[in-house]
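Please read the structure below before turning to the comments.
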Amino acid sequence: MPSRLFESYLDLKYLLNRGYRKSVALKFVANHYKLRKEERHLLARCVFSDKEIEAREKKRKPIDFVKGKILAIDGFNVLITLESVLEGRAILCEDGLVRDLKYQRGYKLSEKTEKMLCLLLEFLSKFNPKEIIFLYDKPVSRSGKIAKLTNEIMKKVGLSGTAKAVEAPDFELKKFEIVATSDLAVVDKIKYVVDIPQEFAKSRGIKIKEFKELLKVGRESY
């Protein structure tokens, strides 16, 4: 017998394919099935119309696509998702992009930050991008310090580029052709997207749960 979450997914998917706005469709379905907060969050992060999935599949490029090219990076988005991958708290969504399942607002500088940046930048250095532009959200606490740390590590690993904190990173990221992010506000406005956390996971043999796997399991799995 199909689970309540699976039935919710089917109804939401139907409404999205019929052109309903996601916020409206999700609220209707979630209330109808009396979904918990975690279940609503999962559907919000992972379910899309077939049209959206097809469009994003055409934009996704493998990591070696960045060789000799300029790559813009949505700093906090990629850092949070990479941390989630290593913590087993990431999910491969319907549109083929990996997202975190945390309820994290913003980003806090911690002892993990330098480690994450080292892993990330050492990984990127293997693919010889022409230049890397890290953009961090300036209103986030200590974003300037994180940008400075990013610049220091970039120099150590021999990458060209810069990291800076800006008022509206989403707006700035849309100016680039290739962007590393899973933020839909950016993904749907750019030409190419690179999913660094997913590519990193593949390189390390890390298995990321797929959304449809979670439709068949209990709450303890997400």
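Throughout, read-outs are computed from the coordinates displayed, never taken from laboratory work. Bear in mind the structure is a predicted one, so any value in this text is a computation, not a measurement. Ideal geometry is used to build each Cβ from the backbone, glycine not excepted, and the neighbour counts take in all protein chains shown.
Our helix-only sum for the chain, with -39,500 (n - 2.57) per DSSP H run of n ≥ 4 divided by its residues, gives a mean residue ellipticity at 222 nm of -14500 deg cm²/dmol.
Output the antiparallel fraction of DSSP beta bridges having both residues in the chain, as a percent to the nearest 5.
Numbers: 4 of 24 bridges.
Looking only at bridges with both residues in the chain, the antiparallel portion is about 15 percent.
Given axes a ≥ b ≥ c from the Cα gyration tensor, I'd like to know whether the range 143-207 is rounded (a/c under 1.5), prolate (a/b larger than b/c) or oblate. It is oblate, given that a/c is not under 1.5 and a/b is not larger than b/c.
Taking a Cβ cut-off of under 13 Å around GLY19, the surrounding Lys, Arg, Asp and Glu residues balance to a net charge of +3, with basic ones at +1 and acidic ones at -1.
As I understand it, the value is the acute angle between the Cα axis of helix 75-87 and the longest principal axis of the Cα atoms of the chain; what does it come to in degrees, rounded to 10? It is inclined by approximately 70 degrees. To the nearest ten degrees, helix 50-59 and the longest principal axis of the Cα atoms of the chain are 20 degrees apart.
Each of VAL29, VAL24 has some number of other Cβ atoms within 10 Å of its Cβ, and from fewest to most they run VAL24, VAL29. Within the chain, CYS118 have no other Cys Cβ under 4.7 Å of their Cβ and so lack a disulfide-compatible partner by this rule. This model, with +1 at the C-beta of Lys and Arg and -1 at the C-beta of Asp and Glu, gives the chain a dipole about its Cα centre of some 220 debye. Could you please state, rounded to a whole Å, how far the C-alpha centre of the range 153-181 is from the C-alpha centre of the range 27-87? The range 153-181 and the range 27-87 have Cα centres separated by 19 Å. Using alpha carbons only, how many degrees (0 to 90, rounded to 10) separate the axis of helix 111-125 from the longest principal axis of the chain? Result, in degrees: 80.
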